[in-house]
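What follows is one structure encoded as structure tokens, with my remarks underneath.
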Amino acid sequence: MDGETAADIRAGLARILASDAFRAAPQLSAFLAFIVERAVAGRGPELKGYTIAVEAFGRSADFDPQSDPIVRVEAGRLRRALAQYYAGEGIGDPVRITIPVGAYVPAFERVEFGSAGQARLRPGLLPPAGEGPAGRLAPHALLASRPEEEALERRRARRWPLVAGLALCAALLALVAWHGGIVGREPDAVVAMVPRPAASPPAASSSVAGSSMRPAQMETLVLAVTVSDLSENPAQSANARRFATFLVDALSRFDDLLTVKLPSPGQAIPGGADYVFELMAQPVPGGTEGFGRLRSVRDGRIVWSVSSVRPIDPDQADLPESARRLATRLAEPFGIIHGDIRQFGAPEPIRCVYEAIDVRRTMLPEAHLSARRCLEDLVARDPTFYPAWAQLALLYTFEHGFGFNPQPEPLERALTAALTAVRLAPSSARAQLSLMSVLFKRGAIDEALKAGLVAMARNPYDPDIMATLGARYIQLNRPAEGLPLMEKAIALSAGRPPSYDFFALLGAHLLGARQVSRAHGEFLGGGSNPFALLGRAIRAVQTGNEEERVQAIATLCELFPMFHSQPRLWLTRRGFGAEVADRIVKDIGIVGH
């Protein structure tokens, strides 16, 4: 399949996933995204019931397709949902995706619109090779249906709005019942009472063939890197250009947060830049003095500056590592740019992304709700903005793990969001990180760790990826693998959330390194962050401070009643393996609860 065809199919898939019907059905969305991506990649023959159940639905490796018909049932639902979509919201789509009966390999069709807006299917998109009900799929989708089949499809399409309306009424009744207390809430749920922001005005629509205009493309932060003119000193000029090359390479790995531009010397700052990092150098006796300055384009503020003197060294062996450390300080999720945005704000959409990142620092339900609403509004306006999908996946896992502002099927929605992010940006480290977090919560441990290692390979300079992967190893009682990652992340991230220090403390504690563990506990701080509270309880046991232990546990029980009644379950729901959960419960002295 050529690149243009694949892009057309992915654009059609994005429109389907952004539709009302599919946004309300996360399992169907995950199913569709999974089989379409496999098909586009030429891996159609892999689409069997077992593969879909395990990799798309998160079933365990011992899944039996014969005894559990989940894939067949969902495939039927998916065919009906697609028929409903193309009969209504997607009537003007230029590409149609169908699932032939008896197979799971999707077929793709182009649609031509006549002068009267009538649709006609035509060949042009070849479905990937795969096994259908009668052997290999045809080289193209059906060009036309028999008249009686068309009449049947039209009757089915007319029935779907009624069915959808009844389903919506049932969902609303269930929501009212839940909100009013008729149906009991989860005992550990934490709901933030934050006023809903005013709804955004609907996007302008086009009357051509019932299609709507594509929303404006969302943008990440734009950071321009400029280098002072050192043409009078060729050696210094070469080193400055080399440093800038390594700096831009490392910065560009944070592609969900930054768009990096490097104008040539003497060129103007690129239009639309949010920040400029200015590199300057001058000769001094015995070496070169370099300066770096981060400036806000919006108001001209000098956000941060740094300087250093480098001795004369023809090899400049440490130049790449210096550039990468600088890039990390600037761009990592809790770094200098994030700190400036937290203090001075930023326009959408980057504000929403950084709000979501900050939830992990504050762990407040009201912050979670605000960020979730902001991101959901972004993806409704532009379903191709993958940074919002990646952050949404993480926020949805918080609904499951911490009970923040819960809605139905949080892990299904999280998987859909993570798969969407990966599909939209296959090379993104953050998309892989979000997929790792979701798979880990769903119990697919091996696949989760694979995704984490892929994220590390794509951005080895991001301490947040190091910390998240390190924390997962520690939760699995593999502290020897996790602690070095945590300690490296801590060394690189000054503005890190308390979870970094907690998992470093826990990893050292599991290894029996008491002095190292207590040292990490010094940085947990106060507040109501659950990781900080749990870490303070462990550290209090290490130091013999009974009052601090009792206070930390009491606060955790107050914030999360399940921790008082079922502490092991509370821990396992947050990703801790059984061995580690038992160790924590025993060590902090709440075995009797």
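The values are calculated or read from the model by the stated rules, or taken from the named source; none is laboratory data. Values in this document were obtained by computation on a predicted structure and should not be read as measured data. All Cβ positions, glycine included, derive from the backbone under ideal geometry; neighbour counts span all protein chains shown. The area values use the complete protein model at the heavy-atom level, side chains included, leaving out ligands, DNA and RNA. Shrake-Rupley method; radii C 1.70, N 1.55, O 1.52, S 1.80 Å.
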Check: Given the conditions (1) among the aliphatic types (A, V, I, L, M); (2) farther than 20 Å from D462 by Cα; (3) touching a helix residue (DSSP H, G or I) at 6+ places or on another chain (Cβ under 7 Å), which single one is not true for L294?
Finding: (2)
Next item on the list: Sort out which residues of the stretch 330-340 are open to solvent by 20 Å² or more (accessible area, probe 1.4 Å) and modelled with pLDDT of 95 or more, and write them in order of number.
Entry: I336
Note to self: Quick check on my filter: what residues within the stretch 12-57 are surrounded by fewer than 18 Cβ atoms within 10 Å (Cβ to Cβ), at negative phi and in a loop (DSSP other than H, G, I, E, B)?
What the structure shows: A24, A41, R43, K48
Notebook entry, point to check: Of the residues that sit in the stretch 58-97 and are of a type in the set (A, V, I, L, M) and buried (at least 20 other Cβ atoms within 10 Å of the Cβ), which one is farthest from K441 (Cα to Cα)?
Noted result: V95
Check: For residues in the stretch 484-507 being of a type in the set (A, V, I, L, M) and open to solvent by 10 Å² or more (accessible area, probe 1.4 Å), which is farthest from A471 (Cα to Cα)?
Finding: A494
Next item on the list: Scan the stretch 375-398 for residues that are surrounded by fewer than 24 Cβ atoms within 10 Å (Cβ to Cβ) and without any contact (Cβ under 8 Å) to a residue 24 or more places away in the chain and report the count.
Entry: 1
Notebook entry, point to check: Of all residues in the stretch 424-438, which are of a type outside the set (G, A, S) and open to solvent by 30 Å² or more (accessible area, probe 1.4 Å)?
Noted result: L424, P426
Checklist line | Whichever residue in the stretch 344-359 is under 17 Å from N529 (Cβ atoms) and within 13 Å of the chain's Cα centre (by Cα) and, among such residues, is surrounded by the most Cβ atoms within 10 Å (Cβ to Cβ) | finding: A356
Margin query: Looking at the stretch 501-540 only, could you name the residues that are basic (K, R) and over 16 Å from L559 (Cβ atoms)?
Written below: R514, R518, R539
Next item on the list: Check whether at least one residue in the stretch 413-423 is assigned to a loop (DSSP other than H, G, I, E, B) and surrounded by fewer than 22 Cβ atoms within 10 Å (Cβ to Cβ), and report yes or no.
Entry: no
Margin query: One residue is enough: does the stretch 64-71 have a residue meeting the conditions closer than 20 Å to V101 by Cβ, within 28 Å of the chain's Cα centre (by Cα) and modelled with pLDDT of 85 or more?
Written below: yes
Item checked: Filtered residues of the stretch 260-296 (kept if within 32 Å of the chain's Cα centre (by Cα) and free of Cβ contacts under 8 Å to residues at least 40 places away in the same chain) -> V260, K261, L262, P263, G271, G292, R293, R295
